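Worksheet: one structure, shown below.
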Amino acid sequence: MPRFIATLLLAAAASAALSAHAVEADPLSSTECMAARDELEKALNEPAANRQARSERLARARRQAALVCLGREAGGRERSGAPEPAQAVPPPVISARPAQAEAPVPAIASPQPPLAIPRPGTVTACDPAGCWDSDGRRLNNMGPLLMGPRGLCTLQGGLLNCP
């Protein structure tokens, strides 16, 4: 058991030493970086009495903070006032697809004639063998029913419905 506690304490001490080293290695937490950031804050909060002097001091403070806190590798190269040279970009290449045959335009269909709804006929005249309807057809008696050219007809009041 004492060996376990000793091993545990040794591991805790090593961990603390590693974390302290990691804090020291962080350039954003260094004293130089903190001083450069404070100088940048002062330059940002400076009143704009002389704009030229303020902008120069602000540019110097930004450059110094970038160099100290980020380093040359992380901060990249310092920019000069000259613009970068233009890069030549080739124009996009658009390949033309072969022309497809156009689909034939359907001919405009002629309108359908209105749907003819058969109107019920009326009985116009009757005799002992059958009746005549308003369309001029002869309907023969078959017992109490009337037989039309295509089948039995129904008679309701004066209206006649034949298939």
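Whole-Hz Karplus ³J(HN,Hα) for the stretch 30-47, in order, using 6.51 cos²θ - 1.76 cosθ + 1.60 and θ = phi - 60°, x for Gly and Pro?
6, 5, 5, 5, 4, 5, 5, 5, 5, 5, 5, 4, 4, 5, 5, 8, 5, x
Under 5 Å between amide hydrogens, which residues at least 5 positions from Gly130 or on another chain qualify, with H placed 1.01 Å from N in the peptide plane?
Asn141
Just how much of Thr124 is accessible, in Å², when a 1.4 Å probe is used and the result is rounded to the nearest 10?
Ignoring ligands and nucleic acids, Thr124 comes out at about 90 Å².
Suppose the chain between Arg137 and Lys42 were pulled fully straight at 0.36 nm per residue; how much longer would it get relative to their current alpha carbon spacing? Don't jump to the answer; show the numbers that get you there.
Numbers: separation 95, 0.36 × 95 = 34.20 nm, distance 11.35 nm.
Result for the pair: 22.8 nm of gain on full extension.
Once amide H atoms are placed 1.01 Å from N in the peptide plane, what residues at a sequence separation of 5 or more from Gly148, or on another chain, have their amide H within under 5 Å of its amide H?
Cys153
Once phi is turned into ³J(HN,Hα) by the Karplus curve 6.51 cos²θ - 1.76 cosθ + 1.60 with θ = phi - 60°, what whole-Hz value does each residue of the stretch 122-127 show in order, with x for glycine and proline?
Calculated HN-Hα couplings, in order: 10, 7, 9, 8, 10, 9 Hz.
Heads up, I need the accessible area for Leu70: 1.4 angstrom probe, whole protein in place, Å², nearest 10.
In the full protein context, Leu70 sits at about 90 Å².
Go ahead and run the numbers for FRET between Leu28 and Gln87, Cβ-Cβ distance against an R0 of 30 Å, rounding to 0.05. Don't jump to the answer; show the numbers that get you there.
Numbers: r = 33 Å, r/R0 = 1.11.
Calculated transfer efficiency: 0.35.
Would you pull out the residues with amide H under 5 Å of Asp135's amide H, same chain only if 5 or more places away, H placed 1.01 Å from N?
HN-HN under 5 Å from Asp135: Thr122.
Note the full-extension length gain between Leu145 and Arg119 as 0.36 nm times their separation in residues minus their Cα-Cα distance, in nm to one decimal. Spell out each step's value before the answer.
Numbers: separation 26, 0.36 × 26 = 9.36 nm, distance 1.98 nm.
Difference between extended and current length: 7.4 nm.
Need one number: nm distance between label points at Arg54 and Ile108, each 7 Å from Cα along Cα→Cβ, rounded to one decimal.
Placing both labels 7 Å along Cα→Cβ, they lie 7.4 nm apart.
The values are calculated or read from the model by the stated rules, or taken from the named source; none is laboratory data. Values in this document were obtained by computation on a predicted structure and should not be read as measured data. Note that we place each Cβ from the backbone using ideal geometry, even for glycine, and neighbour counts take in every protein chain shown. Just so you know, the surface numbers come from the protein's heavy atoms only, side chains and all, with ligands and any DNA or RNA stripped out. Shrake-Rupley method; radii C 1.70, N 1.55, O 1.52, S 1.80 Å.
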